[in-house]
Each structure stands twice: as structure tokens, then as C-alpha cells.
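In what follows, a structure is listed as C-alpha cells, so that the remarks can point back to it.
Where a number appears in this text, it was derived from the coordinates with a stated rule and is not lab data. Please read these numbers as outputs of a predicted model, since none were measured by experiment. Note: ideal-geometry Cβ built from the backbone for every residue, glycine included; neighbour counts use all protein chains shown.
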């Protein structure tokens, strides 16, 4: 029996950067829904990433990708969509970190599958999906305004309560 309280009136939009397998994205969204309890909608639009920010390492700046989401998608008060989660199979970084699994904040985030891949393709197995989902949960909670610091749980609960 699920202990998750499902919330029908809010959603996070999953936005693929470049080409990510549609069935993987759907499975990713379904798993996140089971864990967090809100809807995940997969965007029909793919966002082109352009050239890597670090050419030699073939890495993309996670902050830039998050900014691309912010520019492309505006969160509307009247919309059930409360955030946007970009997903890529490319390597991401920020100024202070050589690589990241994800980068998120209020309303917008990016998850990278790169560090979890086996070679150049996204494997189609449950272990891979579950690993990426764990990062998706973390990023989704940041998108919803939940703080990382356990001391902030009270304010995080208050933050989540606005959706319930």
C-alpha cells in the first residue's frame, strides 16, 4: 500500500535536451510520480544544447542549461505546471564542480544521465532507470523548494503543503 499522497492539481514538465528515448522519459516520469506523488508530463519538444561549454571535456554548464529552461518556459500561477526538469545524456558541470548528476533550484532543474551510462548509449535496464530516478527525486524536491539541509525540514514541509 502506497503511503504517498498523490496531488492531482500540480505537475513538473520533463524536458529532454537533444534526443532522449521517449519510452525512457515516460518510465522516468512514472517512477517519479510513484515516489513523489505529483504528475510528471513529458514535453514533446526537445531543446538543442548547442556546443559544449568545455570543448575538450565535452561538458555543458548546468547553470546555462537551467537558464535555457527559465528562458523557454515561464511558470504561470494559473498553470498546474510548477516546475521544469531538463534531462540530458551529456556531461554537465558548474564553476565549482567538475561533474554533476543534477543541478536544480526553485522551479527549474537539470539531470544528467552521463555518469550513469555504460558507454555511449543509455542502457535499457531497471538499475539504470532507478539510479537516474534517484537523481530526479533530488532535483524535483529542489524544484519544489525543499531544502537540502535536514534542519530546514519544517520549512520544507510548509513549502510542500502549498501543493497538497
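Summary table below
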read-out	value
FRET efficiency for residue 98 and residue 76, using Cβ-Cβ distance with R0 set to 35 Å, rounded to 0.05	0.45
Rounded Å value of the spacing that divides the Cα centres of segment 124-145 and segment 1-68	9 Å
Radius of gyration and maximum dimension Dmax of segment 1-109, Cα, Å	14.7, 49
